[in-house]
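Q: Below is the structure I would like to discuss, written out as structure tokens.
Here, each number is a calculation from the coordinates, and none is a lab measurement. Please read these numbers as outputs of a predicted model, since none were measured by experiment. Using ideal geometry, Cβ is built from the backbone for each residue, glycine included, and neighbour counts are taken over all protein chains shown.
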Protein chains: 2
Amino acid sequence: MAAPPRLSLSGVPGIPLIAPGDDLGAIIAAAMGRAGLACVDGDIIVVAQKVVSKAQGRFVDLTTVEPSARARAIAADTDRDPRLVEVILSESVNILRSDKRALVVEHRDGFVMANAGVDRSNVRAGGDETVLLLPRDSDGAAAALRATLEAHFGKTLGVVINDSFGRPWRRGTTGVALGAAGIPALEDLRGRPDLFGRVLEVSEAAFADEIAAAASLVMGQADEACPVVLLSGFPVQTQNLPARTLLRPPADDLFR
Amino acid sequence: MAAPPRLSLSGVPGIPLIAPGDDLGAIIAAAMGRAGLACVDGDIIVVAQKVVSKAQGRFVDLTTVEPSARARAIAADTDRDPRLVEVILSESVNILRSDKRALVVEHRDGFVMANAGVDRSNVRAGGDETVLLLPRDSDGAAAALRATLEAHFGKTLGVVINDSFGRPWRRGTTGVALGAAGIPALEDLRGRPDLFGRVLEVSEAAFADEIAAAASLVMGQADEACPVVLLSGFPVQTQNLPARTLLRPPADDLFR
């Protein structure tokens, strides 16, 4: 019998507060070096969405936002700040549900999520009137981080940018992949025989989302901010499918 | 700065094929012993739903199933085996969506999922005409496994029973907790200040689901069946909330 795999997940200590324009890849590589965390081929580095957004300068000062009539109407119906609703609408292409409990939208990049990912927590610049948007092109950002980290370490690596999403039917958020590079975000298990030689019914695993959720356990257990996690124990991935592969086309979707 | 947490996930080798009536807790403890895997206080053991179902003898021989008129109608509409539809209906309290792509139901135990979890893969007893149902009372099964494993190892442990669910809006399955014991399946983060002292907006994390997804990475990477995974690196959990805590009450649900 082949030895079952063993994975380790290490929070990377010492990531400083990130500011617009920071070279996040270089900062991560330096923090890993200071912490004595070495990479081997196949390792996957998970980076929290917030630090990617901050490095991209994705801040919006709500005092500069002029809500549209539509934003004001939704805000009045749902007890929200009309400026915040305006920002959410500007990040979205479609509203799935809108009520006092949640504003569930389709983000421009295809993610179906609450509030288009617009976040007020852990955002310092400008104080309480500042919000943070999702990164621009999360798959591209993951690929850029991967290029920096592979060049630095001289290893074949994967990168995932994660966020926490709520779900229908189940309480609580779980880690989800916004961006991925160097791994198959979706693993096609079709055609792989099960224990008894039949073909598996469950055909596709959301590998990048499970990576995102696992890293989220480490980020969430940290007393202090721990936006970067190193996952070791994977074989080198031979397939590279970005996180957008995980977006179910609306025509195939039973719930929109 | 406190050291960021480090987690390890170890597949437990040598779990034999499980048959109805097997003492799964004793089998897991013995396999861990043979593999030299020791527990420490706080460790969490994740067990795949299939082996729990097999130990409970949750097999149904389709040749003994007489489909109802309703099952025959749904089967005809959706190109399914009417006997399989009958089994799915008998496990369900509500149908959310029914078409050729998926039959999404509310399972008797509250899970919203495809096919009520009725599975034809990796089921040997009786051959191709046998299906496997979800465990009875997954939280109770997790608590029983926990009692056996805590008594064996003399440690304070958590147990999660996991399965893989599809999701709306996103392709691929991810690990989900059907049952949990000894951990807070849902972590309430409300009132925990963020980095800048404000109160977090994202208020609840589905801890047991993230544990389930992380373990699923190890189970999925194994060449052979690896239905048990040991997660180490957690503090002893002071709160015990079963997996049914994760079920969103239908009245609070925007998508049913």
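Q: Compute the FRET efficiency between residue A:6 and residue B:188 as 1/(1 + (r/R0)^6), taking r as their Cβ-Cβ distance and R0 = 51 Å, and round to the nearest 0.05.
A: Numbers: r = 31 Å, r/R0 = 0.62.
Step by step, r from the Cβ atoms, then E = 0.95.
Q: Could you identify which residue out of B:83, B:170, B:244 has the top mean-square fluctuation in a GNM of chain B using Cα springs shorter than 10 Å?
A: B:170
Q: Still on this structure: Karplus couplings for the stretch A:239-256 from phi (6.51 cos²θ - 1.76 cosθ + 1.60, θ = phi - 60°), rounded to Hz, Gly and Pro as x?
A: 10, 10, 10, x, 5, 5, 4, 7, 6, 6, x, x, 5, 8, 9, 7, 10, 7
Q: Right, here's the next one. Which of the DSSP-defined H helices in chain B satisfy a minimum axial length of 20 Å, computed from C-alpha atoms, and a minimum mean Kyte-Doolittle hydropathy of 0.5? Present the calculation step by step, with values, prior to reporting the outcome.
A: Values: long enough: B:138-153 (22 Å, 0.29); B:207-221 (22 Å, 0.97).
For chain B, where a helix must reach 20 Å along its axis and average at least 0.5, the hits are B:207-221.
Q: Could you tell me the largest-minus-smallest coordinate of the C-alpha atoms of the stretch B:59-132 on each of the three principal axes, in descending order and whole angstroms?
A: 31, 25, 19
Q: Give me the aspartates and glutamates in straight-line cross-link reach of residue B:54: C-alpha distance below 12 Å, same-chain residues under 8 apart excluded.
A: Within the straight-line limit of under 12 Å, residue B:54 reaches these aspartates and glutamates: B:22, B:23, B:119.
Q: Would you please classify the overall shape of the protein assembly as shown from the alpha carbon gyration tensor, given that a ≥ b ≥ c denote the square roots of the eigenvalues, rounded means a/c under 1.5, and beyond that prolate means a/b larger than b/c while oblate covers the rest?
A: On the way: a/c = 1.76, a/b = 1.27, b/c = 1.38.
Taking the square roots of the gyration eigenvalues as a ≥ b ≥ c, the protein assembly as shown is oblate.
Q: What are the nm distances, shortest first, from residue B:256 to its equivalents in the other copies, labels at 7 Å along Cα→Cβ?
A: Spacings between copies for this position, smallest first, are 2.1 nm.
Q: Next question. How about residue A:155: which aspartates and glutamates have a C-alpha closer than 19 Å to its C-alpha, ignoring those fewer than 8 places off in the same chain?
A: The qualifying aspartates and glutamates are A:41, A:43.
Q: Where is the GNM fluctuation largest for chain B (alpha-carbon springs, 10 angstrom cutoff): B:26, B:214, B:180?
A: Taking springs between Cα atoms under 10 Å, the residue moving most is B:26.
Q: Out of B:25, B:233, B:182, any idea which swings most in a Gaussian network model of chain B, alpha carbons joined below 10 Å?
A: Taking springs between Cα atoms under 10 Å, the residue moving most is B:233.
Q: Something else about it: First check a/c for the stretch A:53-193, with a ≥ b ≥ c the square roots of the eigenvalues of its C-alpha gyration tensor; if it is under 1.5, answer rounded, and if not, answer prolate when a/b is larger than b/c or oblate otherwise. Don't skip to the answer; put the middle values down first.
A: Details: a/c = 2.70, a/b = 1.54, b/c = 1.76.
Verdict is oblate for the stretch A:53-193.
Q: With a 10 Å radius around each residue's Cβ, average the other Cβ atoms per peptide and rank A:42-50, A:93-101, B:134-142, highest first.
A: Numbers: A:42-50: 25.7, A:93-101: 13.8, B:134-142: 22.0.
Answer by packing, highest mean first, reads A:42-50, B:134-142, A:93-101.
Q: In debye, nearest 20: dipole of the stretch A:1-108 around its Cα centre with unit charges on the Cβ of K, R (+) and D, E (-)? Can you show the working numbers first?
A: On the way: 13 positive and 13 negative charges, 48 e Å.
Result for the stretch A:1-108 is approximately 220 debye, rounded to the nearest 20.
Q: OK, next. Hey, how many Å between the Cα centroid of the stretch A:82-109 and the Cα centroid of the stretch B:147-191?
A: 31
Q: Note down the relative contact order for the stretch B:59-132 as a percent, whole number, built from C-alpha pairs under 8 angstrom at least six residues apart.
A: It comes to 28 percent, rounded to a whole number.
Q: Sticking with this structure for a sec: For peptide A:10-16, how many partner chain Cβ atoms fall within 10 Å of a residue's Cβ, on average? The partial results should precede the final answer.
A: On the way: counts 7, 6, 1, 4, 2, 1, 0.
The mean count of partner-chain Cβ atoms within 10 Å per residue comes to 3.
Q: List, shortest first and in nm to one decimal, how far the label point of residue A:72 (7 Å from Cα along Cα→Cβ) is from its counterparts in the other copies.
A: 6.2
Q: OK, next. Hey, for residue A:240 with labels 7 Å out along Cα-Cβ, what do the inter-copy distances come to in nm, ordered shortest first?
A: Reported distances to equivalent positions: 4.9 nm.
Q: Which of rounded, prolate or oblate describes chain A when judged by the alpha-carbon gyration tensor and an a/c cut-off of 1.5?
A: On the way: a/c = 2.26, a/b = 1.31, b/c = 1.73.
Here chain A falls in the oblate category.
Q: Additional query: Pairs of alpha-carbon atoms within less than 8 angstrom and 6+ residues apart define the contacts here; what relative contact order does chain B have, in percent? Spell out each step's value before the answer.
A: Numbers: 502 pairs, mean separation 66.0, N = 256.
That works out to 26 percent.
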